[in-house]
Structures are given as structure tokens and as C-alpha cells.
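The values are calculated or read from the model by the stated rules, or taken from the named source; none is laboratory data. Not measured: the values here are computed from a predicted model. Counting neighbours? That spans all protein chains shown, and the Cβs are built from the backbone with ideal geometry, glycine included.
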Amino acid sequence: MKNKLLTITLILLVTITLVGALALIVLLKFNDKDEVKEPSIDEVIEASVDIPELTTNLMSGDYIRISFKVQTDSKKAKEELEKRDFQVNNIIIEELSEMKSDQLQGKEGKQQLETTIMEKANSLMQEGKVEKVYITSYMIQ
């Protein structure tokens with residue numbers, strides 16, 4: 001009788017230990033996946049494309065001189081975007097030609113332009129995506 005009781009107790013202890021260890025492993029695995037690591041500045045620069053300065057006219061008759069840096073999510077996306085530079089330039093010129101200078105005066109107008117360029121560039125992309133568009137120089141005359 002004592003031998004049977006000892007065996008049942010040992011089986012219960014081993015089962016509880018195994019269930020606890022399994023729960024701990026599952027918890028640790030899921031926590032690692034939820035943690036999103038921001039890319040370092042070096043990784044951002046490696047996956048970014050410079051759009052050289054463009055000069056074009058706005059709908060209001062003013063001229064704008066503007067350049068951008070476009071951040072992608074991978075090196076493959078960067079390579080594709082570099083090949084599509086003429087399409088991105090076209091998007092930028094088309095968008096600017098529909099804007100008036102007062103629409104670009106404040107922070108909100110510039111952010112809207114960045115968002116529009118990002119969305120339209122993403123519609124072209126097949127190897128990744130554009131994550132952010134930065135205005136790197138800007139002048140209206």
C-alpha cells in the first residue's frame with residue numbers, strides 16, 4: 001500500500017513539473033515574438049534611398065525645390081525602389097503640381113505630402129514596402 005502511494009505521488013510531482021516547464025517555455029516563446037525591435041540608424045540608412053532635389057512648379061504658380069529620403073523595410077525593397085526612381089519622381093511631381101504653396105507651409109501639409117508619396121510608392125512595390133518618407137530639403141519661391 002505504501003509503495004503504491006509513493007508511486008502515485010511521484011507521478012503527480014513529475015506531471016506537475018512537466019506542465020509547469022511547458023507553460024514557462026510557451027510563455028517565453030510568445031513574449032519574444034511580441035517584442036518588436038526598432039532598427040538601428042545604420043539599418044535605417046542601409047535600407048534608405050535618397051531622392052535627389054527636384055524643382056517643379058506648384059498649382060499656385062510658385063516653384064518648389066525639394067528632396068527626400070525614403071526608408072524601406074529591407075535591402076531588396078531599397079534595390080527595387082532605386083530601379084523605380086523615375087516612377088517615384090513622377091509621383092512627387094504629380095502630387096506637387098496639384099498643391100498650392102500655402103498647403104505646404106505648415107507641418108501638417110508636409111506630413112500629408114510624405115504620407116501620400118509613401119502610399120503611392122507602396123502601390124508600385126513588389127519586394128517589400130516603403131516605411132517612411134522624409135523631406136530632407138525644401139524651398140518655395
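A few comments on the model shown:
- Any hit, segment 68-75, residues being among the aromatic types (Phe, Trp, Tyr), modelled with pLDDT of 95 or more and out of contact with any helix residue (DSSP H, G or I) (no Cβ under 6 Å at 6 or more places or on another chain): yes
- When residues of segment 117-141 are limited to those that are more than 12 Å from the chain's Cα centre (by Cα), under 12 Å from PHE68 (Cα atoms) and among the hydrophobic types (A, V, I, L, M, F, W, C), the one surrounded by the fewest Cβ atoms within 10 Å (Cβ to Cβ): ILE135
- First in segment 97-126 and farther than 20 Å from THR72 by Cβ, second anywhere and of a type in the set (Gly, Ala, Ser) and part of a helix (DSSP H, G or I), Cβ under 7 Å, 6 or more apart: GLN103/GLY109
- Qualifying residue in segment 46-69 (condition: under 19 Å from the mean Cα position of the chain (by Cα), over 30 Å from SER97 (Cα atoms) and surrounded by 10 or more Cβ atoms within 10 Å (Cβ to Cβ)): yes
- Residue satisfying all of: in segment 39-54; farther than 24 Å from ILE93 by Cα and not in a helix (DSSP H, G or I); modelled with the lowest pLDDT among these: PRO39
- Counting the residues of segment 102-116 that are of a type in the set (A, V, I, L, M) and more than 16 Å from GLN71 (Cβ to Cβ) gives 1.
- Check on ASN3, modelled with pLDDT under 90 and among the polar types (S, T, N, Q): yes
- Of the criteria (1) within 13 Å of the chain's Cα centre (by Cα); (2) surrounded by 16 or more Cβ atoms within 10 Å (Cβ to Cβ); (3) among the charged types (D, E, K, R), which one GLU80 fails: (1)
- Restricted to segment 55-141, the set of helices (runs of 4 or more DSSP H) holding at least 3 residues that are at negative phi and touching a Gly at 6+ places or on another chain (Cβ under 9 Å) comprises 75-83.
- Reported count of residues in segment 95-113, each being out of contact with any strand residue (DSSP E or B) (no Cβ under 7 Å at 6 or more places or on another chain) and surrounded by 13 or more Cβ atoms within 10 Å (Cβ to Cβ), is 7.
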